[in-house]
Amino acid sequence: MPDAQGRAFRPDATHVAAIVESAMDAIISVDDDQRVVLFNPAAERMFGVPASEALGAPLDRFLPERFRQGHSHHVRRFADTSVTRRAMGALHPLTALRADGSEFPIEASISRVATAEGRTLSVILRDVSERVRHEELLAEYTRDLEQSRADLRALSAKLHDTRETERAHIAREVHDRLGQSLTALSLGLDRLYQDLDRPGPTALALARKECQALSSVVQDAIRVTRRLASELHPAVLDHLGLAAAVEWQAQDFGGRAGLVCHVDVDTTLQVPKEVELPLFRVLQESLTNVVRHAEARTAIVTLHLADGGLELVVEDDGRGVVAPARRGLGLLGMRERLADFGGTVTLSDRPAVKGARLVARVPWPVARREVR
């Protein structure tokens, strides 16, 4: 750099010493034997070693033992080449060792200077712990994000399959049960018209008998219709609330599946309408899983306020939690149902007894989270 008169400025030893002393990065110089001959204040702070102790010490003192032999070889090879400077650790940080034994990542650049007293190797070191920590957090966040995307794609596919399965089930019920009932009703009406066209008491008796049979067909069709409507959306939930719906669902499902259900609900709860259906669907899914996967005979269903939250708990006496179930799509779907309300769903083995325990919890009072 030229001075005011345009002459090249050559810093003397005093200037260089001042620059080294005030540098923010650690600067260490070693001789041909790789012993420290310069150790600036930044290096003292970085390694926790005073210069008076570092001077004369081997450079590999500041490296973990597993790296010392290889590092010493690399330094000697650099000293014998024609290259005067080289950056190290830009892609993969090196590892240094503090006085307290802790390790930390560094980047370094090494340079060689020949003087009258011999060759000197100087290393400028930078602690990149914070950068590495941020990179690890970013990598972890990226992995979690990719896993979440994969889970959501799988959940979307499962929901699509579930909808198609439900549609197929409803179509079969409509075709097989309602279709049969309507066909029987149509044939019965034809017979009834024929009986009414005949004169005499015999025809009247036949007509009366036909009306009774048709009434039975109509009642069966009504039952099928109500059951289908209940599967699509339980009327008890709208008319009597979540507590009554939980009790009804547990008993109805248990009766159809051969599962003994014990129910304990707080009938005084006034649960907001918007959270009733998500919790009810969680109950349906969990009971289905108990029958399908747990090989259980008994289930216990409770709905109560506990520790500032509304808790729906389903316990069974089956074989407990199988590892894949902890990240299964069914559990993910339950969590998604409650996510808008800050809710959580956890699945664990029951303490001290055989079986699994599912807890769906929503903060109380319930408040829907705003989407930003």
(request) Would you mind finding the one in L155, L178 that is surrounded by 12 or more Cβ atoms within 10 Å (Cβ to Cβ), modelled with pLDDT under 70 and either outside any helix (DSSP H, G or I) or in contact with a helix residue (DSSP H, G or I) (Cβ under 6 Å, 6 or more places away or on another chain) (or both)? (result) L155
(request) Name every residue in the stretch 105-128 that is at pLDDT 80 or above, hydrophobic (A, V, I, L, M, F, W, C) and either within 19 Å of F39 (Cβ to Cβ) or open to solvent by 60 Å² or more (accessible area, probe 1.4 Å) (or both), in order of residue number. (result) I106, A108, I110, L121, V123, I124, L125
(message) I'd like the full set of residues that are modelled with pLDDT of 90 or more and open to solvent by 70 Å² or more (accessible area, probe 1.4 Å), limited to the stretch 252-267.
(response) V260, H262, D264
(message) Looking only at the stretch 356-372, filter to residues that are at pLDDT 90 or above and either more than 17 Å from A306 (Cβ to Cβ) or of a type outside the set (G, A, S) (or both); which one of those is surrounded by the fewest Cβ atoms within 10 Å (Cβ to Cβ)?
(response) P363
(request) Those residues that are among the β-branched types (V, I, T) and in contact with a helix residue (DSSP H, G or I) (Cβ under 6 Å, 6 or more places away or on another chain), I need them from the stretch 201-245; list them, please. (result) V217, V224, V236
(message) One residue is enough: does the stretch 332-342 have a residue meeting the conditions modelled with pLDDT of 85 or more and more than 30 Å from T268 (Cβ to Cβ)?
(response) no
(message) Regarding the stretch 284-296, can at least one residue be identified that is in contact (Cβ under 8 Å) with a residue 12 or more places away in the chain and among the charged types (D, E, K, R)?
(response) yes
(message) Test of understanding: among P324, P272, which residue is surrounded by fewer than 20 Cβ atoms within 10 Å (Cβ to Cβ), modelled with pLDDT under 85 and not aliphatic (A, V, I, L, M)?
(response) P324
(request) For A257, state whether it is of a type in the set (G, A, S), under 24 Å from V301 (Cα atoms) and within 31 Å of the chain's Cα centre (by Cα). (result) no
(message) Against the condition loosely packed, with under 15 Cβ neighbours inside 10 Å, under 39 Å from the mean Cα position of the chain (by Cα), at pLDDT below 85 and not in a helix (DSSP H, G or I), how does H160 come out, does it pass?
(response) no
(message) Being without any contact (Cβ under 8 Å) to a residue 40 or more places away in the chain, touching a Gly at 6+ places or on another chain (Cβ under 7 Å) and under 17 Å from E285 (Cβ atoms) is the filter here; which residues of the stretch 229-262 pass it?
(response) none
(message) Can you pull out every residue in the stretch 290-304 that is in contact with a helix residue (DSSP H, G or I) (Cβ under 6 Å, 6 or more places away or on another chain) and modelled with pLDDT under 90?
(response) V291, A296
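Quick grid of which residues meet (1) among the basic types (K, R); (2) exposed (fewer than 13 other Cβ atoms within 10 Å of the Cβ); (3) farther than 26 Å from C261 by Cα:
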{"position": "L206", "(1), (2), (3)": "no, no, yes"}
{"position": "S215", "(1), (2), (3)": "no, yes, yes"}
{"position": "L232", "(1), (2), (3)": "no, yes, no"}
{"position": "A245", "(1), (2), (3)": "no, no, no"}
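The values are calculated or read from the model by the stated rules, or taken from the named source; none is laboratory data. What you see is a predicted model; the values in this text were computed from it and never measured. We place every Cβ from the backbone using ideal geometry, glycine too, and count neighbours over all the protein chains shown. Calculation scope for accessible area: heavy atoms of the full protein, side chains included, ligands and nucleic acids excluded. Shrake-Rupley method; radii C 1.70, N 1.55, O 1.52, S 1.80 Å.
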